[in-house]
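Trainee: Before anything else, here's the structure in question.
Quick note: the coordinates plus some simple rules give every number you see, no bench work behind them. Just so you know, these numbers come straight off a predicted model, no measurement behind them. Here the Cβ positions follow ideal geometry from the backbone for every residue, glycine too, while neighbour counts run over all protein chains shown.
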Amino acid sequence: MTSFRKSEAESTLVIHFKVYVHGEPLQLNKKYKNPFGETYEISRFRFYVGKIEPVYTDSGQKANHASSYHLIDISDSSSTVIEFPAAKGTCNGIQFLLGIDSVDQNNGAKSGSLDPIKGMFWTWNSGYQSFKMEGISPLSDQPSHVIAYHIGGYRYPYSTVWKIKMNTTNDEVFRITKEYKIIIEVPVELDYFFDGATPLRIKEISACTTPGKLARKISENFIGSFTGLTLTSNP
Amino acid sequence: MKSFAVLSIIGCCYLFSNNTPFPFQIPKGFPPPVYRFSNNPRTKQGLFLGRKLFYDGKLSKDGNFPCSSCHQQFAAFATYEHRLSHGFNNQFSFRNAPGLFNLAWEKELNWDGGINHIEVQPLAPLLDPHEMAEDLNQVIARLRKDKLYPSLFNQAFGSSVINSERILKALTQFTASLVSADSKYDQMKRGTAHFNKYEQTGYEIFQQKCARCHQEPLFTDFSYRNTGIEIDSTLKDYGRMRITGRKEDSIKFRVPSLRNVFLTFPYGHDGRFATISELLQHYNSGIV
């Protein structure tokens, strides 16, 4: 994928995507209860992010880089940390794509994070899923009580691809400089995923594996589970 | 002596040469193709590799189902005389295998247009449990272990790395190169052949009655249409609606090209029309 050459005017930004349940880091294959009291466990959790850019407060300062696409896979902690160069400046947030935009959905065979071996590509109805969550729940009436939210689709009106802009908590400002490595944590809280704009009760919706209205609604819940950014910095 | 040495080096280079450009020619009178090989420049070595992959059972789970098992050259790369094709473990495909030609002009592929780019098309039959039924990682591992493939990938792409992108791009060099542009119709258009009285009458009737959907010179307008067919109760195939989720796309299927039409029988998305006469009968009186 794209690699960047750092120039003097640049520093490094580190983005760490973290998934939580009730405020604790998600552990795979562990029993949880969603806000409706339904027991579930998750065995697989992946989503695409891409084109991450800092949001600069100084007008005129524009991001000169955006990262390429990354597949965040909770089973591989190294995939949850993305490091890339960014132009110096004062910022109060980041923006990124959740999912793969329509240009890159329509562009033929790809390698790297978009390689179909990653299991995120639909073959009979071409397109990359935006996110995938699999697991089991006794509330599910699917075979072997599986839950499967394979959420994708990039065509109007059922796109599951979102541009997300997030401000830091309390609009805290951070400076991208050469001296400090800024680490931004992007938390995702699964309680908000279930108890979102469309209440997602496993008893009622235990699977969604095709693009369409339901996938779109579930993707709205997913973006609703992204909460405020928190910042740390390392010299 | 010196010049002899230079000559022999040139000879070796030719034998083991890499990436010999082999640009795609657009037939006279054809519109510009959708696929222009822009991220996948066509080379002799790439085309050779793609052709080998197309005919190789190593791409399927049990070794018996290369692309060419359903796309037979003598049937314009459709499955000859079969409503549905045969796949892994005595299973049938979901739809009638289309002939493969002029694919470089197709913006979307398949009877329902569900595939958005020619390069990703092979993934569908490859991973379908009813067809080639294979896992992509298995295919890659098998080709990496093969005696020949690493050097063929090296010749085609400049290194012996084998990954899904390269497999798909090589296959596309072959499939996008299948061009139908030299039928009697094409020769007539170019002025090198003439229709006889019956052919000319047929052509005129065709232009009045059929050419709106089967537009020249590709003989399709690439649209999806409901031609008044009944749903097959076993296949339950609603066509384009499966992709778009829109009611108005129910039972709509891609208008197929009529090139090579005598080779691609039986007809229709599920091969329900055995002959051209049956098909014409349907348009005359069978529409539901």
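Trainee: Return the average number of partner chain Cβ atoms within 10 angstrom of each residue Cβ along peptide A:217-224.
Mentor: Numbers: counts 0, 0, 0, 0, 0, 0, 0, 0.
Mean inter-chain Cβ contacts per residue within 10 Å come to 0.
Trainee: What per residue convex hull volume, in Å³, do the alpha-carbon atoms of the range A:112-191 yield? Working shown, then result.
Mentor: Values: hull volume 16.0 nm³, N = 80.
Expressed per residue, the convex hull around the Cα atoms of the range A:112-191 is 201 Å³.
Trainee: Restricting attention to the range B:143-225, which trypsin sites (Lys or Arg not before Pro) occupy a DSSP loop and are surrounded by at most 16 other Cβ atoms within 10 Å?
Mentor: Values: sites: B:144, B:145, B:147, B:166, B:169, B:184, B:189, B:190, B:197, B:209, B:212, B:225; in loops: B:147, B:212.
Taking the range B:143-225 and a limit of 16 other Cβ atoms within 10 Å, the loop trypsin sites (Lys or Arg not before Pro) found are B:147, B:212.
Trainee: State to the nearest 20 debye the size of the charge dipole of the protein assembly as shown about its Cα centre, where the only charges are +1 on K and R beta carbons and -1 on D and E beta carbons. Display every interim value, and only then the final one.
Mentor: Values: 59 positive and 50 negative charges, 260 e Å.
Dipole about the Cα centre, nearest 20: 1260 debye.
Trainee: If you don't mind, another one. Note the angle between two axes, namely the Cα long axis of helix A:213-224 and the longest principal axis of the Cα atoms of chain A, as a number of degrees from 0 to 90, rounded to the nearest 10.
Mentor: 50
Trainee: Roughly speaking, what % of Cα-Cα pairs in the range B:103-215 are separated by over 16 Å, rounded to a whole number? Please report the intermediate quantities before stating the final value.
Mentor: On the way: 4616 of 6328 pairs.
Tail fraction, whole percent: 73.
Trainee: How high is the relative contact order of chain B, in percent, counting Cα pairs under 8 Å that sit 6 or more residues apart? Please list the in-between numbers first.
Mentor: Details: 449 pairs, mean separation 58.6, N = 288.
For chain B, the relative contact order is 20 percent.
Trainee: Just want to confirm a number: the relative contact order over chain A, from Cα pairs under 8 angstrom separated by 6+ residues, in percent. Intermediate results must be reported in sequence, preceding the final value.
Mentor: On the way: 554 pairs, mean separation 58.7, N = 235.
This gives 25 percent for chain A.
Trainee: While we're here: Which value results when the Cα radius of gyration for the protein assembly as shown is divided by 2.2 N^0.38 Å? Mind showing how you got there, number by number?
Mentor: Details: Rg = 26.9 Å, N = 523, 2.2 N^0.38 = 23.7 Å.
Compactness ratio reported: 1.13.
Trainee: If you don't mind, there's one more thing I want to ask. When Lys and Arg each count +1 and Asp and Glu each count -1, what net charge do the other residues less than 12 Å away from residue B:210, Cβ to Cβ, add up to?
Mentor: Working: positive: B:209, B:212; negative: B:204, B:216, B:221.
Neighbour charge sum, excluding residue B:210 itself: -1.
Trainee: Over 10 Å intervals from 0, what percent of Cα-Cα pairs in the range B:13-109 sits in each interval?
Mentor: Spelled out per bin, shortest first, that is 13, 34, 34, 17, 2.
Trainee: Let me ask another. Taking H placed 1.01 Å from N in the peptide plane, check which residues at least 5 places from residue B:239 or on another chain put their amide H under 5 Å from its amide H.
Mentor: B:251
Trainee: If you project the alpha carbons of the range B:33-175 onto the principal axes, what extent comes out on each, in Å, largest first?
Mentor: 41, 35, 26
Trainee: If you filter the range A:132-188 for GluC sites (Glu not before Pro), then keep DSSP loop positions with at most 12 other Cβ within 10 Å, what is left?
Mentor: Working: sites: A:134, A:172, A:179, A:185; in loops: A:172, A:179.
Listed in order of number, the matching sites are A:179.
Trainee: Over 16 Å apart: what share of the alpha carbon pairs of the range B:184-286 falls there, rounded to a whole percent?
Mentor: 66
Trainee: Then there is this: Report the gain in length on full extension from residue B:91 to residue B:232: 0.36 nm times residue separation, minus Cα-Cα distance, nm rounded to one decimal.
Mentor: Working: separation 141, 0.36 × 141 = 50.76 nm, distance 1.76 nm.
Full extension of this stretch gives 49.0 nm more.
Trainee: While we're looking at this one, here's another question. So what's Rg/Rh here for the range A:36-150, counting alpha carbon atoms and using the Kirkwood radius for Rh?
Mentor: Numbers: Rg = 17.5 Å, Rh = 16.4 Å.
Radius of gyration over Kirkwood radius for the range A:36-150 works out to 1.07.
Trainee: May I ask you to list the aspartates and glutamates whose Cα is less than 13 Å away from that of residue A:132, ignoring any residue fewer than eight positions away on the same chain?
Mentor: A:73
Trainee: Around residue B:132, with a cut-off of 13 angstrom between Cβ atoms, what is the net charge of the other residues, counting Lys and Arg +1 and Asp and Glu -1? Show your work: numbers first, answer last.
Mentor: Numbers: positive: B:58, B:61, B:142; negative: B:56, B:62, B:128, B:131, B:134, B:135.
The answer is -3.
Trainee: About its Cα centre, how strong a charge dipole does chain A have in debye, to the nearest 20, once Lys and Arg get +1 and Asp and Glu get -1 at the Cβ? If you can, show how the numbers build up before the last one.
Mentor: Working: 25 positive and 24 negative charges, 87 e Å.
The dipole of chain A has a size of about 420 debye.
Trainee: In peptide A:104-113, what is the residue-averaged number of other protein chain Cβ atoms found within 10 Å of each Cβ? Don't skip to the end; give the middle numbers.
Mentor: Working: counts 0, 2, 5, 5, 14, 19, 6, 6, 2, 0.
What the average comes to for A:104-113 is 6.
Trainee: Right, another one. Please name which of A:123, A:226, A:142 has its Cα lying farthest along the dipole of the range A:10-234 towards the positive end, using unit charges on Cβ (Lys, Arg +1; Asp, Glu -1) and the Cα centre as origin.
Mentor: After comparing all options, I get A:123.
Trainee: Measure nothing but the geometry: give the 0 to 90° angle between the long axis through the Cα atoms of B:44-54 and the longest principal axis through the Cα atoms of chain B, rounded to 10°.
Mentor: It works out to around 60 degrees.
Trainee: Let me ask something additional. With a bin width of 5 angstrom, please list the P(r) values of chain B as percents of all Cα-Cα pairs, from the 0 bin to the one holding the largest distance.
Mentor: It works out to 1, 5, 10, 14, 16, 15, 13, 10, 7, 4, 2, 1, 1, 0, 0, 0, 0, in whole percents.
Trainee: By the scheme Lys and Arg +1, Asp and Glu -1, what is the net charge of all other residues having a beta-carbon under 12 Å from that of residue B:272?
Mentor: Numbers: positive: B:83, B:95; negative: B:230, B:232, B:237, B:270, B:278.
Its environment carries a net charge of -3.
Trainee: Return the average number of partner chain Cβ atoms within 10 angstrom of each residue Cβ along peptide B:132-139. Walk me through the intermediate numbers first.
Mentor: Working: counts 0, 0, 0, 1, 7, 2, 0, 1.
Averaged over the peptide's residues, the number is 1.
Trainee: Restricting to DSSP H runs of at least four residues, report the calculated mean residue ellipticity at 222 nm for the protein assembly as shown, -39500 (n - 2.57) per run over all residues, nearest 500 deg cm²/dmol. Please list the in-between numbers first.
Mentor: Working: 14 runs with 116 residues, N = 523.
Computed ellipticity for the protein assembly as shown at 222 nm equals -6000 deg cm²/dmol.
Trainee: Over all distinct alpha-carbon pairs, what is the Kirkwood Rh of chain A in angstrom?
Mentor: On the way: mean 1/r = 0.0540 Å⁻¹.
18.5 Å is the Kirkwood radius here.
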